[in-house]
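Have a look at the structure below before the remarks.
The values are calculated or read from the model by the stated rules, or taken from the named source; none is laboratory data. Please read these numbers as outputs of a predicted model, since none were measured by experiment. All Cβ positions, glycine included, derive from the backbone under ideal geometry; neighbour counts span all protein chains shown.
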Amino acid sequence: MDKVLQLLSLVRKANKLITGEEFVTDAIRNKKVYLVFLASDAGINTTKKIKDKTKYYEIPLIDNYSSIDLSNAIGKKRMVIGITDKNFATSIKKGCDSYGKKNEE
């Protein structure tokens with residue numbers, strides 16, 4: 001497991017994440033998330049919806065991990081994960097930048 005997924009696991013243990021498409025979408029609208037993970041193998045409609053929302057609300061999006069990677073990191077089967085803690089989000093973004101895994105569109 002790489003550094004980003006290890007940090008994601010810590011975020012789950014600290015209870016600083018929201019999972020599931022609808023919950024994350026609501027949190028994006030209410031500006032309660034600072035970073036969003038989207039599984040690279042998510043469906044077309046989910047991908048479009050989450051990418052559009054994160055772009056509109058200017059929330060960073062990471063979509064380089066499969067649903068299996070994300071699910072293993074948090075211990076639940078999920079396609080969309082939102083980070084609700086600014087410090088964790090910053091740490092994860094730094095980890096992504098150092099590995100070249102951040103996706104900006």
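Observations
- For the range 41-63, a residue qualifies if it is buried (at least 17 other Cβ atoms within 10 Å of the Cβ), of a type outside the set (Val, Ile, Thr) and in contact with a Ser or Thr (Cβ under 9 Å, 6 or more places away or on another chain), and the qualifying residues are Ala42, Lys49, Lys53, Pro60, Leu61, Asp63.
- The set of residues from the range 49-86 being without any contact (Cβ under 8 Å) to a residue 60 or more places away in the chain and of a type in the set (S, T, N, Q) comprises Thr54, Asn64, Ser66, Ser67, Ser71.
- So Ala73, is it crowded, with 18+ Cβ neighbours inside 10 Å, of a type in the set (A, V, I, L, M, F, W, C), more than 11 Å from the chain's Cα centre (by Cα) and under 12 Å from Val4 (Cα atoms): yes
- Leading residue by the ranking (surrounded by the most Cβ atoms within 10 Å (Cβ to Cβ)) among those in the range 31-40 that are at pLDDT 95 or above and not small (Gly, Ala, Ser): Phe37
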